[in-house]
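Enquirer: The structure's right below; bear with me while I get my questions together.
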Amino acid sequence: MLGGRVMVLQPRDGYRAGTDPVILAASVQARAGEAVLELGCGGGAALCCLGWRVPGLALSGLEIQPGYADLARRNLDGNGLNGEIHEGDVAAPPAALKARSFDHVIANPPYFEAGKGLSAQDGGRGKGRTGDVPLSVWVDTAARRLKPRGHATFIQRVERLPELMAAMHAVLGGLELLPLLPRPGRPPRLVLLRGRKEARTPFRFHPPKVIHPEGVMGNGQKNYSECFFSVMTEGAPLTFEPDFG
């Protein structure tokens, strides 16, 4: 990932991280010395990408599947990053995690509710795609683990945006929405939604960002827009603000 700057082990069969955790990690406005928790961290791809981009973070993850939790530990270590991976359910985090608070909580929850998404033969892949835990529980756990004025950032399918926004509005303030367009002129498939604990600033709906241009770009950019080429292959941050120039 990030043009070979980050290397992650993934299962031969099961849930395999793609572009979404890279995008999520790029959107986090973390600074050295801050603490970051990822809920449902899987194999730790987002944590590894974020840790590479912002050295000096205290990284933590929560993962319900022991095999993926072990993989996340191996990936952090393989990329020279320090972190703690806790095993447990988002709905009932372990005591060691409940005793801590964080500057940032990030999450890439399953995109489909149980019984509504496409089935997966592999159990790990199924848990990565569908889940029984409502988004409101994910958000509530994130809010409880945040320090005052800390940020929670989620990436999710646009179909579940009403559910996600309602959950965030109930416990966080200063919501900011960034739609992600697969190509120009097409409706968004994914959104980034960020909220801040104890914030009172108005809701902000940011102009969408385009992941892929029409056609294939030259100069080795592999069909990414200029913005996302930098994010995906160079480890650049992804800001919610409009692109100019």
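Enquirer: Let me see the pair-distance distribution of the range 1-100: every alpha carbon pair, 10 Å bin width, integer percents in order.
Expert: The calculated distribution, bin by bin, is 17, 52, 29, 2.
Enquirer: Let me ask something additional. Which one, 9, 110, 188, is farthest towards the positive end of the dipole of the chain when Lys and Arg carry +1 and Asp and Glu -1 on their Cβ?
Expert: About the Cα centre, the residue reaching furthest to the positive side is 188.
Enquirer: Ordering 233, 201, 141 by how much accessible area each has at a 1.4 Å probe, largest first, what is the list?
Expert: Details: 233 35, 201 85, 141 15 Å².
From most accessible down to least: 201, 233, 141.
Enquirer: Would you kindly state how much longer the chain becomes between residue 204 and residue 132 on full extension, computed as 0.36 nm times their sequence separation minus their alpha carbon distance, in nm to one decimal? Please report the intermediate quantities before stating the final value.
Expert: Numbers: separation 72, 0.36 × 72 = 25.92 nm, distance 2.97 nm.
Length difference between fully extended and current span is 22.9 nm.
Enquirer: Given the rule -39500 (n - 2.57) for each run of at least 4 DSSP H residues, summed and divided by the residues of the chain, what is its mean residue ellipticity at 222 nm, to the nearest 500 deg cm²/dmol?
Expert: Numbers: 8 runs with 71 residues, N = 245.
Calculated mean residue ellipticity at 222 nm is -8000 deg cm²/dmol.
Enquirer: Where does the range 147-205 land on Rg(C-alpha)/(2.2 N^0.38 Å)? Walk me through the intermediate numbers first.
Expert: Details: Rg = 12.0 Å, N = 59, 2.2 N^0.38 = 10.4 Å.
Taking N as the residue count of the range 147-205, the ratio is 1.16.
Enquirer: Considering lysine pairs in the chain that are 8 or more places apart or on different chains, how many have Cα atoms under 25 Å apart? Numbers along the way, then the final one.
Expert: On the way: 98/127; 98/147; 98/197; 116/127; 147/197; 209/222.
Final tally of qualifying lysine pairs is 6.
Enquirer: Gain in length, residue 32 to residue 170, computed as 0.36 nm per residue apart minus the alpha-carbon separation, to one decimal in nm?
Expert: Values: separation 138, 0.36 × 138 = 49.68 nm, distance 2.96 nm.
This chain segment gains 46.7 nm when fully extended.
Enquirer: Ok, one more. Within the range 195-209, which residues have the backbone N less than 18 Å from the label spot 7 Å out from residue 239 along Cα→beta-carbon, could you tell me?
Expert: Of the residues in the range 195-209, 204-209 have backbone N under 18 Å from the label point off residue 239.
Enquirer: Rounded to a whole number, what % of the accessible area of the chain do carbon and sulfur atoms account for, probe 1.4 Å? Walk me through the numbers before you get to the answer.
Expert: Values: 6060 of 11670 Å².
Ligands and nucleic acids excluded, carbon and sulfur reach 52 percent.
Enquirer: Moving on to the next point. Tally Lys/Arg at +1 and Asp/Glu at -1 over every other residue whose Cβ is under 15 Å from the Cβ of residue 181; what's the total?
Expert: Combined, the nearby Lys, Arg, Asp and Glu give +1.
Enquirer: Further question: List the pair-distance distribution P(r) of the chain, using every Cα-Cα distance, as the percent of pairs falling in each 10 Å bin from 0 up to the bin containing the longest distance, rounded to whole percents.
Expert: Taking every Cα pair in the chain, the percentages come to 8, 33, 39, 19, 2, 0.
The values are calculated or read from the model by the stated rules, or taken from the named source; none is laboratory data. All of these numbers come straight from a predicted model, not from anything done at the bench. Cβ sites come from the backbone with ideal geometry, for glycine too, and all protein chains shown count toward neighbours. Quick note on the areas: whole protein, heavy atoms, side chains included, nothing else; ligands and nucleic acids left out. Shrake-Rupley method; radii C 1.70, N 1.55, O 1.52, S 1.80 Å.
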